[in-house]
Each structure stands twice: as structure tokens, then as C-alpha cells.
Amino acid sequence: MKQGVKRIPGQRGVSPRGATQKAGPRKLPEGFKRWSLRALWCSLLVAMVVLGYRFGAEPVAQVFDRPIAKVQVEGAFRYADKEELEQLIAAALNDNFLKLDLANVRAELERNPWVERAAVQRQWPDTLRVRIYEQHPIARWGNKGFLNRRGDIIQVPELDKVSHLPWLDGDDDDAVKVMRYYLEVGELLRARGLALRSLKCDKRKSWEMRVGDGIKVTIGRDAMMDKVQRFLTVYDQTLHEHWKEVASVDLRYHSGIAVGWVEEQDSNEG
């Protein structure tokens with residue numbers, strides 16, 4: 001019977017033939033190898049740039065500090081004038097590709113009232129990319145301009161581009177409130193096939209709206225939404241059957257409503 005080999009601490013293992021066993025090489029993980037190669041290439045690139053600036057700064061500078069050769073302007077351009085914005089960009093291009101102040105270009109574009117936001121970025125080697133995000137008009141605001149989706153008053157020199165939108169009016173401080181009521185009341189009317197054409201809150205805080213083909217609905221100063229709900233209840237019950245004959249509606253009552261009819265209006269005018 002063969003006897004086992006006794007191992008002495010501190011000594012390497014011995015084979016039955018007396019040969020010394022040597023440990024094999026340890027394998028590195030594949031991820032570590034790839035990371036090492038990338039780090040090596042980055043180091044070489046940095047070294048080349050440093051050497052280029054030290055021994056040939058002018059050729060390297062010509063590669064990086066080149067003028068902008070192309071400008072790409074993207075966007076929907078439903079309201080903003082693309083040519084006008086391109087002229088603003090051209091006027092702001094006062095430096096080369098790397099030194100151009102992108103924040104300044106963006107600020108110049110966002111001064112245009114139809115531009116909500118502009119994104120400006122470089123694209124190697126010599127292209128400037130610009131994306132325009134236009135304002136989203138919700139309704140006209142008085143004779144000044146329009147309200148965007150946040151309720152901000154955006155003043156524009158002319159309103160032709162938003163003439164198709166509903167008309168809202170009131171104190172500038174009440175713009176957000178007026179728009180909120182417009183959205184709430186408009187949704188209730190649309191459910192009945194009616195369109196809210198205008199909504200106004202005058203200096204006395206009295207409300208008035210135009211519905212459908214321009215039918216005037218006087219609401220008054222207090223309990224606006226309660227009065228609108230009362231009007232809709234009467235409309236659902238009986239008024240919808242005679243809607244084409246309605247000239248005006250007055251909700252300035254504690255209960256009920258007053259209806260002006262087209263025939264009565266015509267006779268009064270006659």
C-alpha cells in the first residue's frame with residue numbers, strides 16, 4: 001500500500017515522482033482587458049494632442065479652431081419665421097467652432113416671442129445644430145397677444161397667426177384664472193357639441209362668454225361655475241331643442257335663467 005505524502009508548512013506540493021508543482025498563470029477578466037485597452041488608447045490620444053501643441057501647435061489649432069461651415073435649423077415653424085431665425089443665428093456667429101458662445105445664440109433666439117425654447121449644440125467637425133421649440137398658443141389675450149399653455153401672456157406685434165383661436169380678456173393678473181375657467185367651461189360645452197368662442201372678465205370681475213355662433217351668455221360676478229352648471233342643466237332639458245332660436249342668455253339670477261330669442265331681438269331692432 002502506498003503511503004501518503006506528508007506536507008510540511010512553507011514547502012510546495014510534491015508530485016509522486018518528486019517534481020515540484022508550479023501554479024499556472026491567472027487569467028484576467030474580459031471586461032478588465034477591454035477597459036485597459038480603452039484607457040491605453042485615450043492615453044495615447046492625449047499624448048498625441050499634447051505633443052502636437054508642443055511641437056506643432058499651429059497645425060493642431062487649425063484642426064480644432066475652424067470656422068462654422070454649416071448651420072442646421074430644425075423645428076415645426078407653424079408660427080415662427082424660419083428665415084428670420086436664421087438671420088438671428090447668422091448675426092450671432094462671431095467666433096469659430098469651439099469658441100462660439102452657445103448660450104448667447106440660444107438667448108438671441110429665445111427673445112423671439114414665438115420661440116418658447118431653443119436647443120443649440122455643436123456637431124463635429126464644423127456644424128451648428130439648432131432646434132426650435134415654438135410657443136403653444138391656447139387663446140388670444142385681448143389685443144396684446146396670446147396665452148401659452150402655462151398661462152403666460154406672450155405679446156406679439158400682430159395676431160393674424162392666432163386669429164383662429166378663441167378670445168380671452170381680463171386684467172393681466174387674472175390671465176391664469178381666465179384660462180383655467182376657459183378650459184373647464186370649454187370642456188363642458190364641447191361635451192354638448194357647443195364651442196366656447198370667447199370668455200371675458202371685466203374690471204368689475206363680471207363674466208361674459210360667447211357660445212356657438214356668437215350667442216352672448218352673461219354670467220355675472222359671483223358663483224360663476226354654479227351658474228354655468230345651471231345653464232347646462234336647462235340646456236340639456238329643453239333649451240337644446242330651440243338653440244337656433246336663442247339670441248342671448250342671462251344667468252344673473254339666484255335661480256333660473258333669462259333667454260332672449262332671435263324673433264324678439266329682430267322686432268326690437270325693427
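Here are some notes:
- Zone of SER255's modelled label, taken as backbone nitrogen in the range 208-247 under 16 Å from a point 7 Å along Cα→Cβ: 227, 230-231, 234
- Global dimensions of the range 72-220 from alpha-carbon coordinates: Rg and Dmax equal 19.6, 64 Å.
- Between ALA90 and THR127, full extension at 0.36 nm per residue minus the direct alpha carbon distance yields a gain of 12.0 nm.
- Along each principal axis, taking the top coordinate minus the bottom one, the Cα set of the range 139-269 gives 42, 29, 28 Å in descending order.
- Sites SER163 and LYS70 - FRET efficiency at Förster radius 30 Å, r taken between beta-carbons, to 0.05: 0.25
- Antiparallel %, DSSP beta bridges [both residues in the range 126-270], to 5: 70
- The label point for THR233 and the one for ASP172, both projected 7 Å from the Cα toward the Cβ, are 4.0 nm apart.
- When the C-alpha to C-alpha distance is required to be over 20 Å, the pairs from LYS203/LYS244; LYS177/LYS227; LYS200/LYS227 that qualify are LYS203/LYS244.
- Approximate spin-label separation GLU241-VAL262, in nm, with each point projected 7 Å along Cα-to-Cβ: 1.8
- Note on the range 122-208: semi-axes of the ellipsoid equivalent to its C-alpha gyration tensor, largest first and rounded to whole Å, are 32, 16, 12.
- Column: log10 I(q)/I(0), Debye, Cα scatterers of the range 129-179, q = 0.24 Å⁻¹: -0.84
- Rg followed by Dmax, in Å, when the range 70-134 is reduced to its Cα trace: 11.0, 32
- With one equal scatterer per alpha carbon and no solvent term, the Debye-computed log10 I(q)/I(0) for the range 186-259 at 0.17, 0.19, 0.25 1/Å reads -0.58, -0.74, -1.35.
- Per-peptide average of other Cβ atoms within 10 Å, ordering 206-216, 86-96 highest first: 206-216, 86-96
A short reminder: the numbers here are calculations on the coordinates, not readings from a lab. In this text the structure is predicted, and so the values were computed from the model without any measurement. Positions of Cβ are generated from backbone atoms using ideal geometry, with glycine treated the same way; all protein chains shown enter the neighbour counts.
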